[in-house]
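Notes follow the structure.
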Amino acid sequence: MLEQLPSLIALQQHDIAVDELSEKAKQFDPLIQKKTKALDALRADLKSAKDKLSGNTLKKKELEGEVESKQALVKKHQGELNSLKSNDAYKAMLGEIENAKNAVREAEDKILVVMEAIDAGDREYKEREKKFKTDEAALKAEIQKIEQEKAAAADLAAKRKQERDAYAATLPANVVSQYDAIRKKRGGLAIVPMVNNSCAGCHMQLPPHRVNEVKKAKVAVMCESCNRILYLPPEPTNAVPANNAGTAKDAAAPTGSAS
């Protein structure tokens, strides 16, 4: 595996890029859900106003039916008055007629109240409907934009995954399989540098013999703690060589005027 280490590091860079792009695509989902919930809330608000208006309209029809029924009862009882033979029956019938007339008046008063509620509800519904159409159009446009951004991110992740798979296909299958197994178990990082004699993956101090093995780079070295593959990172390119330290120091020092 040692000779494949540079290639595996490059493969891991592909995988990290794929993971980042895939995660970016997933981050759009909460935004879409938030906008969708806001749209659902607008629809529920409009439906509430419509249901209230429909309820009052139905109530008005019921009251109108009650008025018609009581008026018909009054007419019926008035027609029956002449057929009554006793004074008590006549008085009782007059009482029923009066009760029916009172019921008609009460129902008509309620109808007036309901009609006012219907007028107010109709105005409220039209106002909400107008606002809903504006807000709905804006939210739908926002959702569409976010979905397009999500699709673009997902497409980019898929393209990078294809590039990753094509690169992996150039490496020995058994090496890639071992790398994939470690990466899956270790949160996406199979290969990590040794930093200050410690594993950069689990941050455990390496025993001296492991440190020497990594530095010699004669065999692939695994961290005894997390089983990640270790490598020695290259020295920083901007490091100043020891034999030039004095020259660099002199070059950096300010030039003073002779006294």
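Every read-out reported here was derived from the displayed coordinates using simple, explicitly stated rules and does not represent laboratory data. Computed from a predicted structure; not experimentally measured. Note: ideal-geometry Cβ built from the backbone for every residue, glycine included; neighbour counts use all protein chains shown.
Of note:
- Magnitude of the charge dipole, the chain, Cβ model with Lys/Arg +1 and Asp/Glu -1, debye to 20: 520 debye
- Spin-label pair E20-L171: with each label point 7 Å from Cα along the Cα-Cβ axis, the two points sit 1.8 nm from one another.
- For Q178, the shell of other residues with beta-carbons less than 15 Å away shows a net charge of +2, using +1 for Lys and Arg and -1 for Asp and Glu.
- Shape call, the range 173-231: gyration tensor on alpha carbons, a/c limit 1.5: oblate
- For P30, net neighbour charge (Lys/Arg +1, Asp/Glu -1) across residues whose Cβ lies under 14 Å away: +1
- Answer label, with mean projected area of the Cα convex hull in nm² calculated from the coordinates and candidates (i) 35.7; (ii) 19.3; (iii) 17.5: (i)
- Ranking L112, Q4, M204 by Cα position along the charge dipole of the chain, where only Lys, Arg, Asp and Glu carry charges on their C-beta atoms, puts Q4 farthest toward the positive end.
- Taking trypsin sites (Lys or Arg not before Pro) in DSSP loop states with no more than 12 other Cβ atoms inside 10 Å as exposed sites, the chain has its longest site-free stretch at 86-217.
- Within the range 173-231, DSSP assigns beta bridges of which about 60% are antiparallel (rounded to the nearest 5).
- Between the range 15-67 and the range 93-160, the alpha-carbon center distance in angstrom: 12 Å
- Per-q log10 I(q)/I(0), the range 129-234, q = 0.15, 0.16, 0.19, 0.24 Å⁻¹ (Debye; single scatterer per alpha-carbon; no solvent): -0.76, -0.81, -0.98, -1.19
- Max mean-square fluctuation residue, GNM over the chain, Cα-Cα springs under 10 Å, options L39, L206, L21: L206
- Neighbourhood charge, 11 Å Cβ-Cβ cut-off, centred on L63 and excluding it, Lys, Arg +1 and Asp, Glu -1: -2
- Kyte-Doolittle mean at least -0.5 and Cα axial length at least 27 Å: DSSP H helices in the chain: 5-26
- For the range 1-129, the ratio of Cα radius of gyration to the globular rule of thumb 2.2 N^0.38 Å stands at 2.56.
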